[in-house]
Amino acid sequence: MENNASKYDRLREEMVRKQIEARGVSDPLVLAAFRKVPRHRFVSEALMDQSYGDHPLPIGEQQTISQPYIVAEMTQALQLNKDDRVLEIGTGSGYQAAILAEIVFRVYTIERIHTLLVQARRLFDTLRYHNIVTRYSDGTTGWTDESPFDAIIVTAGAPRIPQALINQLAMGGRMILPVGDQHSQELIKLVRDETGIRQSNLGGCRFVKLIGEQGWNGR
Ligand code: SAH
């Protein structure tokens, strides 16, 4: 019988080929990260066998770990370099942060639900992601003390682009975030260059709500 470790290795390789490479993600750093991060460890034990499927999954507190492809698409759109410092808003399970941590020098990630942050931080320790720095707060105002960032990724849907995050983007910096109403959003990419901020639209998506001072109201 196939043991669990080799089963998950096989499911992970299949996920990378069929869901990520086949749909056009080609950045070698991104593909290598997806081949490495054990996605099944970021969900509850009951959901491990489904964790490499082509869909999001619940992680508790009415939040979700995103579909693998959307994580890959957003990561590739950040155009990461090895020495980048990246800010993520919405730690959730920690999966996206771990993918980023495989690629860049340091990841700063903020989560507003304490139990999720504690779980994710424990997992980062277990899996030895020592280059992930976590913070329990409202991420819509960013992380001023550690700014500017080479890349910023928001993994919850915002009603509008938080100005605080734009302000914390370094020269040449890239930001990806879903913007729209509560049911559907557009994936927006911003790039800061000498002439200012350039904005493009990468297409439709669906995320849970970004809740906070520069996001949605709510608890
Ligand atoms: N990146 C996550 C996806 C998490 S879902 C992963 O890989 O699993 C979105 C997360 O954003 C939720 O955990 C939610 O609590 C969090 N969130 C929503 N608004 C936030 C805010 N203002 N600041 C920080 N986290 C926020």
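Summary of computed values
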| item | result |
| --- | --- |
| Test: residue in segment 19-34 that is without any contact (Cβ under 8 Å) to a residue 24 or more places away in the chain and within 15 Å of the ligand (Cβ to nearest atom) | no |
| Scan of segment 35-64 for residues that are within 10 Å of the ligand (Cβ to nearest atom) and among the hydroxyl-bearing types (Ser, Thr, Tyr), ordered by number | 64 |
| Per-region count, segment 36-57, residues assigned to a helix (DSSP H, G or I), free of Cβ contacts under 8 Å to residues at least 40 places away in the same chain and either crowded, with 17+ Cβ neighbours inside 10 Å or under 16 Å from the mean Cα position of the chain (by Cα) (or both) | 1 |
| Residue, modelled with the lowest pLDDT, within segment 82-110, restricted to residues that are more than 6 Å from the ligand (Cβ to nearest atom) and aromatic (Phe, Trp, Tyr) | 105 |
| Residue tally, condition closer than 22 Å to residue 210 by Cβ, out of contact with any helix residue (DSSP H, G or I) (no Cβ under 7 Å at 6 or more places or on another chain) and not small (Gly, Ala, Ser), over segment 125-138 | 3 |
| Residues of segment 76-86 classified as under 12 Å from residue 153 (Cα atoms) and either out of contact with any helix residue (DSSP H, G or I) (no Cβ under 9 Å at 6 or more places or on another chain) or without any contact (Cβ under 8 Å) to a residue 60 or more places away in the chain (or both), total | 3 |
| Subset of segment 58-86 [part of a strand (DSSP E or B) and closer than 19 Å to residue 118 by Cα] | 58, 59, 60, 63, 64, 65 |
| Test result for residue 187, in contact with an Asp or Glu (Cβ under 9 Å, 6 or more places away or on another chain) and more than 20 Å from residue 63 (Cβ to Cβ) | no |
| Any hit, segment 78-89, residues being under 24 Å from residue 201 (Cβ atoms), out of contact with any Cys (no Cβ under 9 Å at 6 or more places or on another chain) and charged (D, E, K, R) | yes |
| Scan of segment 192-205 for residues that are closer than 20 Å to residue 24 by Cβ and either surrounded by 12 or more Cβ atoms within 10 Å (Cβ to Cβ) or within 15 Å of the ligand (Cβ to nearest atom) (or both), ordered by number | 202, 205 |
| Subset of segment 189-213 [touching a residue at least 24 places away in the same chain (Cβ under 8 Å) and over 14 Å from residue 151 (Cβ atoms)] | 197, 202, 205, 206, 207, 208, 209, 210, 211, 212, 213 |
| Residue among 151, 170, 164, 120 that is surrounded by 13 or more Cβ atoms within 10 Å (Cβ to Cβ) and away from the ligand (no atom under 16 Å from the Cβ) | 170 |
| Residue within segment 13-23 that is closer than 22 Å to residue 121 by Cβ, of a type in the set (Lys, Arg) and in a helix (DSSP H, G or I) present | no |
| Criterion (closer than 19 Å to residue 70 by Cα and exposed (fewer than 15 other Cβ atoms within 10 Å of the Cβ)) met by exactly one of 6, 26 | 26 |
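Residues are listed down the side, and each one gets a yes or a no for (1) out of contact with any Cys (no Cβ under 9 Å at 6 or more places or on another chain); (2) at pLDDT 95 or above; (3) closer than 20 Å to residue 43 by Cα:
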residue	(1), (2), (3)
112	yes, yes, yes
118	yes, yes, yes
121	yes, yes, yes
150	yes, yes, no
170	yes, yes, no
185	no, yes, no
203	yes, yes, no
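The values are calculated or read from the model by the stated rules, or taken from the named source; none is laboratory data. Bear in mind the structure is a predicted one, so any value in this text is a computation, not a measurement. Heads up, the Cβs are rebuilt from the backbone with ideal geometry, glycines too, and the neighbour counts pull from every protein chain shown.
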